[in-house]
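These notes are about the structure you will find just below.
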Amino acid sequence: MRNFIANSACRGRRPKGLETLRLRQRPRLLKKMLSNRGVARFVVAPRGFGKSALVCAYAESMYEFENVFWINGQSPCFLRDLDDRLIASSLFAATKQRSLAVFEDIPYLDDDRSDAFSKDIDVLLAKGWEVVVTTTPAIDSFAERQNDRCCIAAHDLLVDDDEARDSSCAPLPSEPCHRVADLVWGEDGASLLEGMRSADMPAEIQLAIFVMEVLIEGPLDEVAAFVHGFRKDTRRFIERHYPYTGIDLVEERFCVHEFPIARIVSVFRGVLDSTVARASSLGCEAFVTRLADALCRRGLHGRACELMASLCPRKRRASWVEAEQDRFFAEGEIEAMQTLFETLGERPSGLTPALLVGASQRLFLLGDAARCGRFAMRALEHPACTPEQACAAALLACSCAPGDFPVRAHAILGNAAARSLGAAGALSYAAGARSHLAEDPARALSFLEEAPDDARLHPAYMAELAHFIRFVRKGEAFAASGRPLFDRACDAARRIL
């Protein structure tokens, strides 16, 4: 048997990301490990909960790493020796002393292999050896085979208040999702995140965890809308074994530790397509788009845009921006949407007049006059540009475009002011205001004030109102006649807010 680490070689093994000293400060866990040394101790939890760290602390405390055999369950040699029935006999041949056998990261075993491994455990225990096994919840198949075992599960491994205080940690939030060892003492959840994409995890559990990590908190029924098989038994299993999801079966809600979208995507990118195909009725693009919509309903617009930018191809991103940009504008989420738009690049392919006008409006409010004018002119030159889009582009061009282009734009505005363009005539009110702004600012403001409430929510109307406020604020006569107009315009803006 060539896959175990024996005796002094174990001295070099230390918990990654967690110091053994900290585990000496978890006496309740060591006490449980000591409660019955005559049975197998199973430590069953996802990655990041400190399974290996606990076993290292036990091996050091009880054996000082002498006569400890560490068997790597992920090594192909483990399965080979298990099939050849060599594990127990090889350990007995290595030493005549009663020792500690640690089987770390046991993989999925079918029934025959599970039976064989359970028999090896029984043989070792019968000879007075101690046996500790670490594994993850989705592949723990030994509850019935080792019915007298001592099991330390994920909830047992959560950091309690005394342990946090003894380790000089700040007071921890009460939610289980913030008390995972790797979040408290480790590498800011790196191991925890990696464990979420385990190939041994059933697809419906893995996809449910992905949805919860993206949405951060919400009702369990919303997760069920994305994932097949998210039934009561699945929810109970996740609640019991994956406490970082913060599932509350009484309130039927979840609350996870918040990770940035970039970190979640970096972990799930390679497996998301196949997981969605196995556990959802949606295609991957539609799945991501609906998740982004759910984030917007929560007011997490920036997170929604990051998700779309990370996981959707350019064409899908473009169609989502076009569908959502007016709503983002109305809710004041200008920068988040523009950041997503920038991922499309400036090549003409796929940039519709609506996309070009939307970008121009956002850039105007963000103070980028040069690019605002450039996008406005591209919209006007687009063969599919509608009268409404031409009017909106002309409003922006008058503010930002160089040379004689505003002259051409004024002709468009003059025609638009005499019509009813846009929602509730919003574009026409904005066009009328712009047509009179230079000669008669009071008349221009009257056009804006006459607009009905529905028109005031239109992006072109809001952009024109912002332009009017800037215009009168910078005017030479602001201290005299400009001040009342400025105050009236600000009142109009407050009505929108």
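The values are calculated or read from the model by the stated rules, or taken from the named source; none is laboratory data. Please read all numbers here as calculations on a predicted model, not as lab measurements. All Cβ positions, even for glycine, are placed from backbone atoms using ideal geometry, and neighbour counts span all protein chains on display. Please note that ligands, DNA and RNA were not included when accessible areas were found on the heavy atoms of the full protein model with its side chains. Shrake-Rupley method; radii C 1.70, N 1.55, O 1.52, S 1.80 Å.
One table, with the values for the structure above:
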| item | result |
| --- | --- |
| Criterion (within 15 Å of A430 (Cα to Cα) and at pLDDT below 90) met by exactly one of A411, A369, A401 | A411 |
| Some residue of the stretch 137-146 being at pLDDT below 90, in contact with a Lys or Arg (Cβ under 7 Å, 6 or more places away or on another chain), open to solvent by 10 Å² or more (accessible area, probe 1.4 Å) and of a type in the set (G, A, S) | no |
| Sole residue being closer than 30 Å to E64 by Cβ, in contact (Cβ under 8 Å) with a residue 12 or more places away in the chain and open to solvent by 20 Å² or more (accessible area, probe 1.4 Å), chosen from V102, V123, V180 | V123 |
| Residue in the stretch 326-339 that is closer than 26 Å to F375 by Cβ, among the hydroxyl-bearing types (S, T, Y) and either touching a helix residue (DSSP H, G or I) at 6+ places or on another chain (Cβ under 6 Å) or at pLDDT 95 or above (or both) present | yes |
| Residue match in the stretch 249-257 (condition: over 22 Å from K51 (Cα atoms), surrounded by fewer than 18 Cβ atoms within 10 Å (Cβ to Cβ) and in contact with a helix residue (DSSP H, G or I) (Cβ under 6 Å, 6 or more places away or on another chain)) | yes |
| Residue within the stretch 204-216 that is assigned to a loop (DSSP other than H, G, I, E, B) and more than 17 Å from the chain's Cα centre (by Cα) present | no |
| Residue check, A424 assigned to a helix (DSSP H, G or I), free of Cβ contacts under 8 Å to residues at least 60 places away in the same chain, open to solvent by 30 Å² or more (accessible area, probe 1.4 Å) and on the phi > 0 side of the Ramachandran plot | yes |
| Qualifying residue in the stretch 161-176 (condition: touching a residue at least 24 places away in the same chain (Cβ under 8 Å), part of a loop (DSSP other than H, G, I, E, B) and either farther than 28 Å from R298 by Cβ or over 26 Å from the mean Cα position of the chain (by Cα) (or both)) | yes |
| Evaluation of L193 against (1) closer than 24 Å to L311 by Cβ; (2) at pLDDT below 90; (3) in contact with a strand residue (DSSP E or B) (Cβ under 8 Å, 6 or more places away or on another chain) (one fails), failing number | (3) |
| The listed residue being under 26 Å from P484 (Cα atoms) and at pLDDT below 85, out of E449, E439 | E439 |
